[in-house]
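Visitor: Okay, handing you the structure first.
Throughout, read-outs are computed from the coordinates displayed, never taken from laboratory work. Here the structure is a predicted model, which is why all the values come from computation and not from measurement. Positions of Cβ are backbone-derived with ideal geometry, glycine not excepted, and every protein chain shown enters the neighbour counts.
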C-alpha cells in the first residue's frame with residue numbers, strides 16, 4: 001500500500017480507526033525528511049495491512065502545533081485509536097521494521113487496562 005496524505009480533515013478519522021496507523025510528519029524543505037521518505041515508502045509496500053500516512057507540517061501548521069510537533073521528521077504510531085509511539089528523527093529501515101513488529105505484537109487489552117488504571121489513579125488525586 002502506498003502512503004496517504006493526511007490533512008486536518010482526515011487525521012482524526014484515520015488515526016482513531018482500527019488497526020495500525022503510522023504517521024510521518026514532514027516538510028518539503030527538510031533534508032532528513034527526504035532521506036527518511038524512501039525508507040517509509042518501502043515499509044508501506046512491505047506492510048499493506050497498515051495505514052501509512054504523511055502529514056505536511058507546512059500545509060497543516062495548526063494541526064502540527066496542536067500535536068506539539070517541534071522537530072521533523074516525527075513518527076507517530078497509533079493502534080486501534082491509541083497513540084503507542086512518538087519519536088522525532090529519521091529512522092533506518094531495520095529500526096522502522098522493528099517498530100512495526102512491536103506494534104503488531106502489542107497486547108492492546110493490556111494497553112487499554114493500563115490506560116484505564118492510570119486514569120483512575122489520576123481521578124483519585
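Visitor: To the nearest 10 degrees, how steep is helix 108-124 against the longest Cα principal axis of the chain, on a 0 to 90 scale?
Guide: On a 0 to 90 degree scale, this one is about 60.
Visitor: Can you list the equivalent-ellipsoid semi-axes of segment 1-61, largest first and in whole Å, using the square root of 5 times each Cα gyration tensor eigenvalue?
Guide: Over the Cα atoms of segment 1-61, the semi-axes work out to 18, 17, 7 Å.
Visitor: What is the packing order of peptides 41-51, 69-79, taking the mean over residues of other C-beta atoms within 10 Å and listing the highest first? Could the numbers behind the result be given before it?
Guide: Details: 41-51: 15.3, 69-79: 19.5.
Highest to lowest by the protection proxy: 69-79, 41-51.
Visitor: If you line up the long axis of helix 93-105 against the longest principal axis of the chain, both from Cα atoms, how many degrees apart are they, to the nearest 10?
Guide: 30 degrees
Visitor: OK, next. Please compute one quarter of the surface area of the Cα convex hull for segment 51-99 and express it in square nanometres.
Guide: 3.8 nm²
Visitor: Let me ask something else about it. Ranked highest first by the average count of other Cβ atoms within 10 Å around their residues, in what order do 83-95, 113-125 fall?
Guide: In descending order of packing, they fall as 83-95, 113-125.
Visitor: A further question on this structure: What Kirkwood radius, in Å to one decimal, follows from the Cα pairs of segment 4-124?
Guide: 15.0 Å
Visitor: If you average the C-alpha positions of segment 53-97 and of segment 19-36 separately, how far apart do those two centres end up, in angstrom?
Guide: Comparing the Cα centres of segment 53-97 and segment 19-36, I get a distance of 7 Å.
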